[in-house]
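Written out below as structure tokens is the structure these notes cover.
The values are calculated or read from the model by the stated rules, or taken from the named source; none is laboratory data. Quantities reported herein were computed from a predicted structural model and do not represent experimental measurements. All Cβ positions, even for glycine, are placed from backbone atoms using ideal geometry, and neighbour counts span all protein chains on display. Protein only, heavy atoms only, side chains kept; ligands, DNA and RNA dropped before computing areas. Shrake-Rupley method; radii C 1.70, N 1.55, O 1.52, S 1.80 Å.
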Amino acid sequence: MKGRYTYRSMWYELFLYGAMFGAVPMTFAAICGAADAPWAVLVLPVVYTLAAVGLSYLLSHMPASFEADEAGVTFKLLGQRMEIAYASVRDVKIERCYVKAVIRGDVPHYVETLSITTDTETFTFDHDLAIDMDDAARHPERLAAQFEDALLAQLCHYLQAHCPAQAAVTQGGDTA
């Protein structure tokens, strides 16, 4: 099973506020340096703006992917690779929460969080769900079907079927 998705970094809002408040001293520094370098008045704000827009887009659309095979699942997040063997998995669960708009221009949405607990640590992976909110308001019974069709929910079911500890729990066996 393979999948590609994007998620919003938890540093997104903090970066936007920092970029907004950092623009004032940066513009002041560009104007003060205009006597020595007149090009600084235009070039520095433009470079700052392009860097801020690029980084904010990257933080709001972080690329991620996973690949599950017969031995385990491998997650790739911005060049970082995490391999999780099925034998070491103790618990797999999926949670969803509704996130209200925090900043202007943001859209309320659902976020699903996949938590994989192994022998040594817990891994969490987030994904913004593309739920049709108007359809969910008109037909609330369809919301559960949209949740189950989500990418990380499908991976959760796949992992629960392939992990030995999870298979014993779902069949009612004792894992101790």
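Available extension along the chain between Val102 and Glu148 is 13.9 nm, counting 0.36 nm per residue and deducting the alpha carbon span. Pick out, from Ile94, Thr6, Ala145, the residue whose Cα sits farthest towards the positive end of the charge dipole of the chain, with +1 on the Cβ of Lys and Arg and -1 on the Cβ of Asp and Glu. Value: Thr6.
By the scheme Lys and Arg +1, Asp and Glu -1, what is the net charge of all other residues having a beta-carbon under 13 Å from that of Asp126?
Computed value for this residue: -1.
Roughly how many whole Å is it from the C-alpha centroid of the stretch 98-168 to that of the stretch 1-79? That distance is 25 Å. Using the Cβ-Cβ distance between Cys32 and Tyr57 with R0 set to 30 Å, the FRET efficiency works out to roughly 0.50.
Shape of the chain from its Cα gyration tensor (a ≥ b ≥ c, root eigenvalues): rounded if a/c is under 1.5, otherwise prolate when a/b > b/c, or oblate? Note, shape of the chain comes out prolate. Within the full protein context, the accessible area of Ser115 is estimated at about 10 Å² for a probe radius of 1.4 Å. Projected onto their three principal axes, the Cα atoms of the stretch 55-156 cover extents of 43, 37, 20 Å, largest first. Among the protein heavy atoms, those of Glu148 account for about 90 Å² of accessible surface (1.4 Å probe, every chain in place). Note that the stretch 28-106, at 20 °C in a medium of 1.002 mPa s, gets a Stokes-Einstein diffusion coefficient of 123 µm²/s from its Kirkwood radius over C-alpha pairs.
Ignoring ligands, DNA and RNA, what percent of the accessible area of the chain is carbon or sulfur (1.4 Å)? Result for the chain: 61 percent of the exposed heavy-atom area is carbon or sulfur.
Computed from Cα atoms, the angle from the helix 40-60 axis to the main principal axis of the chain rounds to 10 degrees. Ranking Val92, Val46, Val24 by solvent-accessible area of protein heavy atoms (1.4 Å probe, all protein chains present), from largest to smallest, gives Val24, Val46, Val92. Taking all protein chains as shown and a probe of 1.4 angstrom, Asp119 keeps an accessible surface of around 100 Å².
Quick one: Kirkwood hydrodynamic radius for the stretch 88-144, alpha-carbon pairs, angstrom, one decimal?
Numbers: mean 1/r = 0.0756 Å⁻¹.
So the Kirkwood estimate lands at 13.2 Å.
With respect to the chain, whose longest principal axis is taken over its alpha-carbon atoms, helix 151-162 is tilted by about 30°.
Rolling a 1.4 Å probe over the heavy atoms of the protein chains gives the chain an accessible area of 63 Å² per residue. Heavy-atom accessible area, probed at 1.4 angstrom with all protein chains present, ranks Thr27, Thr113, Thr122 as Thr122, Thr27, Thr113, highest first.
Each Lys and Arg Cβ is given +1 and each Asp and Glu Cβ -1; about its Cα centre, the chain then shows a dipole of about 440 debye.
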